[in-house]
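To start, the structure itself, in structure tokens.
The values are calculated or read from the model by the stated rules, or taken from the named source; none is laboratory data. This one's a predicted model, so the numbers in the text were calculated from it and none came from an experiment. Here the Cβ is made from the backbone with ideal geometry for all residues, glycine too, and neighbour counts use every protein chain on show. These area figures cover heavy atoms from the full protein model, side chains too; ligands, DNA and RNA do not enter into them. Shrake-Rupley method; radii C 1.70, N 1.55, O 1.52, S 1.80 Å.
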Amino acid sequence: MSELTHINKEGNVHMVDVSGKEITERIAVATSHVEFPIEAFATIKANGFNTKKGSLIQTAVLAGIGAVKKTSDLIPLCHNIPISKVDIDIQPTENGFEISCLVKTTGQTGVEMEALTGASVAGLCIYDMCKALSHDIIIGPTQLQEKKGGKRDFKR
């Protein structure tokens, strides 16, 4: 079984030292779902996914991109890393949205947390823009779908 990397020998939290790791291209993809009550989703769909606050999808994309760039400010033990690409795709489903967030860097640590943060915040933005219609909006699951680069790859 693997060990927790953010706990040192004394049992205290610490930021992982990545200075000895190889610099490689790293990619992560995370997804999140936003589910609406049927009537609420019908309302926003009828309005072309626009609200009084603006374009629902485009605003959520911008929020997700901004969140990716701020991940190390939000997650205390995340490294502040240069992001070379963010691609957030938001597609309507039967009664909600599927959000996909791809993040890419070339560096010594991965971008899983950045992808998860981007997908999560895009979902939160959708909730914020639509909460006047209903507070019964469900966000999740949010999960890592894929990561490449570094010690090991992962694909759900």
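For the range 129-150, give me each residue that is free of Cβ contacts under 8 Å to residues at least 60 places away in the same chain and charged (D, E, K, R).
The answer is Lys131, and nothing else.
Which of the residues that make up the range 32-46 are within 16 Å of Gln58 (Cα to Cα) and open to solvent by 90 Å² or more (accessible area, probe 1.4 Å)?
Across the range 32-46, the qualifying residue is only Lys45.
Can we say Gln58 is free of Cβ contacts under 8 Å to residues at least 40 places away in the same chain and in contact with an Asp or Glu (Cβ under 6 Å, 6 or more places away or on another chain)?
Working: free of Cβ contacts under 8 Å to residues at least 40 places away in the same chain: yes; in contact with an Asp or Glu (Cβ under 6 Å, 6 or more places away or on another chain): no.
The answer is no for Gln58.
Using the structure shown, decide if Val61 is surrounded by 12 or more Cβ atoms within 10 Å (Cβ to Cβ), aliphatic (A, V, I, L, M) and modelled with pLDDT under 95. Before you say what the answer is, go through the steps one by one.
On the way: surrounded by 12 or more Cβ atoms within 10 Å (Cβ to Cβ): yes; aliphatic (A, V, I, L, M): yes; modelled with pLDDT under 95: no.
The answer is no for Val61.
Identify all residues within the range 47-58 that are exposed (fewer than 15 other Cβ atoms within 10 Å of the Cβ) and in contact with a Ser or Thr (Cβ under 8 Å, 6 or more places away or on another chain); write none if there are none.
Lys53
Looking only at the range 1-42, count every residue that is over 21 Å from the mean Cα position of the chain (by Cα) and at pLDDT 95 or above and tell me the total.
Residues flagged as over 21 Å from the mean Cα position of the chain (by Cα) and at pLDDT 95 or above within the range 1-42 amount to 6.
Which numbered condition in (1) in contact with a Lys or Arg (Cβ under 9 Å, 6 or more places away or on another chain); (2) open to solvent by 40 Å² or more (accessible area, probe 1.4 Å); (3) not acidic (Asp, Glu) is the only one that Asn80 fails?
Among (1) in contact with a Lys or Arg (Cβ under 9 Å, 6 or more places away or on another chain); (2) open to solvent by 40 Å² or more (accessible area, probe 1.4 Å); (3) not acidic (Asp, Glu), the lone unmet condition for Asn80 is (1).
Can you tell me which residue is least open to solvent (accessible area, probe 1.4 Å) among those in the range 130-156 that are farther than 17 Å from Thr93 by Cβ and of a type in the set (A, V, I, L, M)?
At the first step, the residues of the range 130-156 found to be farther than 17 Å from Thr93 by Cβ are 131-132, 135, 144, 146-156.
Of the ones still in play, those that are also of a type in the set (A, V, I, L, M) are 132, 144.
Numbers: Ala132: 105, Leu144: 30 Å².
So, considering only residues that are farther than 17 Å from Thr93 by Cβ and of a type in the set (A, V, I, L, M), the one least open to solvent (accessible area, probe 1.4 Å) is Leu144.
Select the helices (runs of 4 or more DSSP H) contained entirely in the range 54-156, then report the ones holding at least 2 residues which are among the charged types (D, E, K, R) and under 16 Å from the mean Cα position of the chain (by Cα).
Working: elements: 56-69, 71-74, 112-130.
Because the criterion is at least 2 residues that are among the charged types (D, E, K, R) and under 16 Å from the mean Cα position of the chain (by Cα), the helices (runs of 4 or more DSSP H) in the range 54-156 that meet it are 112-130.
Can you tell me which residue within the range 86-116, out of those that are β-branched (Val, Ile, Thr) and out of contact with any Cys (no Cβ under 8 Å at 6 or more places or on another chain), is most open to solvent (accessible area, probe 1.4 Å)?
Kept after step one, since they are β-branched (Val, Ile, Thr), are these residues of the range 86-116: 86, 88, 90, 93, 99, 103, 105-106, 109, 111.
Going one step further and asking which of them are out of contact with any Cys (no Cβ under 8 Å at 6 or more places or on another chain), we end up with 90, 93, 99, 103, 105-106, 109, 111.
On the way: Ile90: 10, Thr93: 60, Ile99: 0, Val103: 0, Thr105: 2, Thr106: 85, Thr109: 29, Val111: 1 Å².
Restricting to residues being β-branched (Val, Ile, Thr) and out of contact with any Cys (no Cβ under 8 Å at 6 or more places or on another chain), the top hit is Thr106.
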